[in-house]
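The values are calculated or read from the model by the stated rules, or taken from the named source; none is laboratory data. Only a predicted model underlies this, so the values are computations on that prediction, with no experimental measurement involved. Please note: Cβ atoms are built from the backbone with ideal geometry, for glycine as well, and neighbour counts cover all protein chains shown. All accessible areas refer to the heavy atoms of the entire protein, side chains included, with ligands and DNA or RNA removed. Shrake-Rupley method; radii C 1.70, N 1.55, O 1.52, S 1.80 Å.
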Amino acid sequence: MLLCSVMGRLTIRSWALLPVLFLTSAAGIAAALDVLLGHPVIGHETVLSAPLLFGAAAGLMLLADGHVDWRGRWQRYALRFTYPLALVVCAVAVDGLHLPSAAALGFGSVALVLLCRLLASTGNAPCR
């Protein structure tokens, strides 16, 4: 497995949370960079490229689906393809995301910590 030494095994719940945490932490990082480099006032909006973010989240899902302990065959086929497909549909349908910088910073920092913790906890699991 390609990412086995880095990622380990994922549960279905952690696989489903992976794109949500990725999207939220990416928004937080973008808001932090926007505040540091562009607008020193936190009260403005951060504009994000939805196709880029949702496309990257869908790619992350497709890379990680080989590391999931699927419980049944129906989950492997139903969830494995429909969830990333829904993210691709969002990438095509939404042009840009306008988020308040303060909310993106707050939620993004929490999501980044949770994402790092999720990936660190799955790295200890043995690979098959």
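A compact table of results
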| read-out | value |
| --- | --- |
| Top-ranked residue in the stretch 41-51 [being more than 11 Å from LEU23 (Cβ to Cβ) and not β-branched (Val, Ile, Thr); ranked as most open to solvent (accessible area, probe 1.4 Å)] | GLU45 |
| Residue in the stretch 86-99 that is nearest to VAL35 (Cα to Cα), counting only those that are in contact (Cβ under 8 Å) with a residue 12 or more places away in the chain and of a type in the set (A, V, I, L, M) | LEU99 |
| Any chance ALA57 is modelled with pLDDT under 90 and either in contact with a Pro (Cβ under 7 Å, 6 or more places away or on another chain) or open to solvent by 30 Å² or more (accessible area, probe 1.4 Å) (or both) | no |
| Of residues in the stretch 49-77 being touching a Gly at 6+ places or on another chain (Cβ under 9 Å) and of a type in the set (Gly, Ala, Ser), the one farthest from LEU10 (Cα to Cα) | SER49 |
| Any hit, the stretch 113-124, residues being of a type outside the set (Ser, Thr, Tyr), assigned to a loop (DSSP other than H, G, I, E, B) and open to solvent by 90 Å² or more (accessible area, probe 1.4 Å) | yes |
| Tally of residues being closer than 22 Å to THR122 by Cβ and in a helix (DSSP H, G or I) across the stretch 68-85 | 7 |
| Residue within the stretch 17-36 that is in contact (Cβ under 8 Å) with a residue 60 or more places away in the chain, touching a Lys or Arg at 6+ places or on another chain (Cβ under 7 Å) and assigned to a helix (DSSP H, G or I) present | no |
| In the stretch 88-101, residue modelled with the lowest pLDDT [restricted to those that are under 19 Å from GLU45 (Cβ atoms) and open to solvent by 60 Å² or more (accessible area, probe 1.4 Å)] | ASP95 |
| Answer from LEU36, LEU63 - the residue that is farther than 15 Å from VAL20 by Cα, open to solvent by 60 Å² or more (accessible area, probe 1.4 Å) and within 16 Å of the chain's Cα centre (by Cα) | LEU63 |
